[in-house]
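A.B. asks: My questions all concern the structure below.
Nothing in this text is a laboratory measurement; each read-out follows from the coordinates by a stated rule. Owing to the predicted nature of the structure, the values given are computational and were not obtained by experimental measurement. A quick note on method: Cβ atoms are made from the backbone with ideal geometry, for glycine too, and the neighbour counts reach across all protein chains shown.
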Amino acid sequence: MDGDLELLRAWQSGDDRSGEVLFRRHYRMVLRFFHNKAGAQAHDLVQQTFLACLESRGRIRSQAPQSFRPFLFGVARNVLYDHYRISKRDRARFDAASDSAEDLRPTPSSHLAKVREVQLLLRGLRRIPLEAQVILEMYYWEGMLAREIAEALELPENTVRTKIRRSRLRLEKVIAGLAETPALRESTLVGIETWARDVRQALSD
């Protein structure tokens, strides 16, 4: 949104009102990011993310982000990874490119899954590597462009485009293995954008 970076800088300079505006604008978006990865701890991680934004004066100055949303997701990604490093017994072995949310913290299927396709999509996302889950949720849930995801993850845009394609293929393979029937598998995969919008709406209510 217009003015987000200015609000962040004002907040960093001591204007608490600007921080409250930023929090209200983006709280639901950040909560969606954490929901299918951290379960009941999602709300705490949202708080940690905004606190990290407040403390990130150096990064704002050195990187000069083009917009606030990619910057915010980059901070949220780091908070999520730190959360898993701390909670995993063997911290040195945490690898977002291979560990999935289900590997790191198994949880029951989300109560938000009101239809079978949405439930299958959520289960599938939790079983692919965490990095792939993050990228697909940014792309499908938040409608972010590859350029914005690249800025958030500090990767080249072409690399992100490749990761989106490969992550989608991984998700399709997992869903194919989880689906109870071929019809459910096809319905989920063909309508992935629709089901992603449904998840977004459910988490925004």
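A.B. asks: Can you give the FRET efficiency to the nearest 0.05 for residue 6 and residue 55, using r as the Cβ-Cβ distance and R₀ = 22 Å?
C.D. replies: About 0.75, to the nearest 0.05.
A.B. asks: For the pair residue 93/residue 181, report the inter-label distance in nm, with labels modelled 7 Å from Cα in the Cβ direction.
C.D. replies: Result for the modelled spin labels: 4.1 nm.
A.B. asks: Amide H neighbours of residue 100 under 5 Å, at least 5 residues apart or on other chains, H built in the peptide plane: list them.
C.D. replies: It is 130, by chain and number.
A.B. asks: Please arrange 9, 24 by counting, for each residue, the other beta carbons lying within 10 Å of its beta carbon, fewest first.
C.D. replies: On the way: 9 14, 24 9.
By the 10 Å Cβ count, ascending: 24, 9.
A.B. asks: Give the order of 174, 190, 134 when sorted by the count of other beta carbons within 10 angstrom, beginning with the fewest. List each step's numbers first, then the result.
C.D. replies: Working: 174 20, 190 11, 134 25.
With the sparsest Cβ surroundings first, the list reads 190, 174, 134.
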